[in-house]
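Just below is one structure, and these are the notes that go with it.
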Amino acid sequence: MWDLYLMLVLIGGLTLALSLAAGTLQSRGYLPAESILAVLFGIAVGPHGFTIFPLPVLSNPLFFIEQISLITVAFAVTSIALRLPATYFRRHAVSMAALLGPGMLVMWLASGFVTYTLLPVPFWVALLIGAAITPTDPVLANSIVVGETAAQNIPERIRFLLSAEAGANDGGAHPFVVIAILLLAQPLDSALATWATETIPLEVLGAIVFGLAVGAGVGRLEDWLSNFGLMEETSVLTVTVALTFTVLGSAELLGFNGILAVFAAGFTYNWQSDPQDEAKEQQVEEVFNRLFTIPVFVIFGMVLPWSEWASLGWRGFALVVAVLLVRRLPMMFALRPAIRPLNYPADTLFVGWFGPIGITALFYATLAARETGSEIIWTVVSLVVAGSILAHGATSTLFTLWYGQLVGDAERL
């Protein structure tokens with residue numbers, strides 16, 4: 001119990017401090033990257049720092065990170081679903097199809113090719129690593145597009161675009177991860193048959209249908225009860241937390257992809273229930289961001305595999321730089337004509353750079369390492385995630401202010 005109480009003090013104290021200092025940090029243009037501070041805090045208190053908390057209760061840290069990452073991503077995609085307009089995917093069907101179809105495919109192959117070129121790993125292991133780092137992380141993406149600085153400098157069309165992509169492509173990476181895992185364990189024809197008859201129709205399409213049905217049902221029931229005066233005034237936070245837990249647990253028990261199901265449920269719940277004002281939705285999102293994401297980054301900082309990173313040598317550093325430059329930017333410029341919200345070159349550059357790799361990648365990496373027994377997957381993905389947290393966190397405020405000035409000047413012309 002001592003370890004539990006100590007963990008509560010450490011993570012609770014950090015969350016309290018960051019919550020109290022958030023306004024000062026952002027309003028004065030300092031680094032708002034709470035993810036960086038949380039990871040550094042984890043390093044400091046963990047076994048590689050001052051060993052204030054040596055992780056005796058985490059006998060299997062990767063399994064623990066897998067589970068807490070899944071829950072954190074689920075709440076992140078729920079908060080995105082609540083903030084998006086109900087008609088967003090219908091109005092931007094072509095843009096989203098481009099990003100979630102060829103866009104994700106290109107990011108997967110580019111990431112896998114870079115990994116296979118720079119590291120001495122088998123081809124399908126490289127593609128499995130590439131699949132894990134393909135999706136845009138909803139947690140880090142939220143930190144970029146939410147808040148006063150973002151609202152003042154990033155147009156709504158770009159904030160919604162980044163949010164919609166981050167919410168949808170986390171579960172969308174599941175087929176890429178699964179096919180790579182299958183091909184590491186089965187012959188090509190058997191792997192493709194399993195993928196085509198189980199993964200796509202059941203785990204992906206089944207998850208979407210299940211989530212849409214549950215979210216719509218809960219939203220419509222809430223609306224109906226409210227109209228007849230049979231329901232007390234309930235906070236958005238209470239309902240969405242309960243909905244997220246219920247859909248995530250049910251989907252995983254039924255063999256569906258939980259992340260996809262949760263995003264679909266949150267989207268149709270927001271569509272069917274009484275519309276919430278933007279202030280309430282942002283409050284929900286900020287609560288999710290702090291309460292569920294700071295602990296993950298603290299624990300991530302505690303378990304960083306420093307010696308395994310060092311064994312990669314210069315190749316590890318080169319991989320991080322290559323992934324950040326090759327994975328997303330070229331794809332965004334190539335697909336720019338099909339993505340309607342991108343009006344200016346600055347839009348494309350901003351969206352192309354801010355496709356952070358974070359907690360979703362940790363979830364897929366720990367899942368893949370457990371399924372395949374390959375430790376190199378966790379080593380490589382954790383290094384790329386750490387590089388993304390540092391690079392995107394350190395540039396978020398400066399690039400946002402620079403981008404806001406560029407777009408403002410372009411729209412005044």
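The values are calculated or read from the model by the stated rules, or taken from the named source; none is laboratory data. All values reported here derive from a predicted model rather than from experimental measurement. Note that each Cβ is placed from the backbone with ideal geometry, even for glycine, and that neighbours are counted across all protein chains shown.
Annotations
- Of the criteria (1) out of contact with any Pro (no Cβ under 8 Å at 6 or more places or on another chain); (2) in contact (Cβ under 8 Å) with a residue 60 or more places away in the chain; (3) buried (at least 17 other Cβ atoms within 10 Å of the Cβ), which one Ala76 fails: (1)
- Of the residues making up the stretch 79-113, those that are touching a residue at least 24 places away in the same chain (Cβ under 8 Å), more than 20 Å from the chain's Cα centre (by Cα) and either in a helix (DSSP H, G or I) or more than 19 Å from Leu335 (Cβ to Cβ) (or both) are Ala86, Val94.
- Checking each residue in the stretch 330-368 for being in a helix (DSSP H, G or I) and of a type in the set (D, E, K, R) picks out Arg336, Asp347.
- Residue within the stretch 142-161 that is farther than 29 Å from Val296 by Cα and not polar (S, T, N, Q) present: yes
- Among the residues of the stretch 238-260, those that are polar (S, T, N, Q), part of a helix (DSSP H, G or I) and modelled with pLDDT of 95 or more comprise Thr246, Ser250.
- Test: residue in the stretch 371-391 that is farther than 22 Å from Leu312 by Cβ and hydroxyl-bearing (Ser, Thr, Tyr): no
- Enumeration of residues in the stretch 317-347 that are surrounded by fewer than 19 Cβ atoms within 10 Å (Cβ to Cβ) and β-branched (Val, Ile, Thr): Val321, Val326
- Checked against the criterion of being over 29 Å from Ile181 (Cβ atoms) and either at pLDDT 95 or above or surrounded by fewer than 19 Cβ atoms within 10 Å (Cβ to Cβ) (or both), the candidates Thr395, Thr366 yield just one match: Thr395.
- Residue list for the stretch 114-143, filter: in a loop (DSSP other than H, G, I, E, B), within 17 Å of Gly358 (Cβ to Cβ) and either modelled with pLDDT under 90 or aliphatic (A, V, I, L, M) (or both): Ile133
- Of all residues in the stretch 302-341, those satisfying the criterion of being among the charged types (D, E, K, R) and either under 26 Å from Phe50 (Cα atoms) or under 22 Å from the mean Cα position of the chain (by Cα) (or both) are Glu308, Arg327, Arg328.
- Flag if Arg157 is touching a residue at least 40 places away in the same chain (Cβ under 8 Å), among the basic types (Lys, Arg) and within 26 Å of Leu325 (Cβ to Cβ): yes
- Filtered residue count, the stretch 79-110, keeping only those that are of a type in the set (Gly, Ala, Ser) and surrounded by 16 or more Cβ atoms within 10 Å (Cβ to Cβ): 6
- Selection count, the stretch 190-208, where residues are in contact (Cβ under 8 Å) with a residue 40 or more places away in the chain and either surrounded by 15 or more Cβ atoms within 10 Å (Cβ to Cβ) or more than 23 Å from the chain's Cα centre (by Cα) (or both): 5
- Filter result (buried (at least 21 other Cβ atoms within 10 Å of the Cβ) and of a type in the set (Ser, Thr, Tyr)) within the stretch 111-135: Ser111, Thr115, Thr134
- Complete set of residues in the stretch 312-329 that are without any contact (Cβ under 8 Å) to a residue 24 or more places away in the chain, part of a helix (DSSP H, G or I) and closer than 15 Å to Pro120 by Cα: Trp314, Phe317
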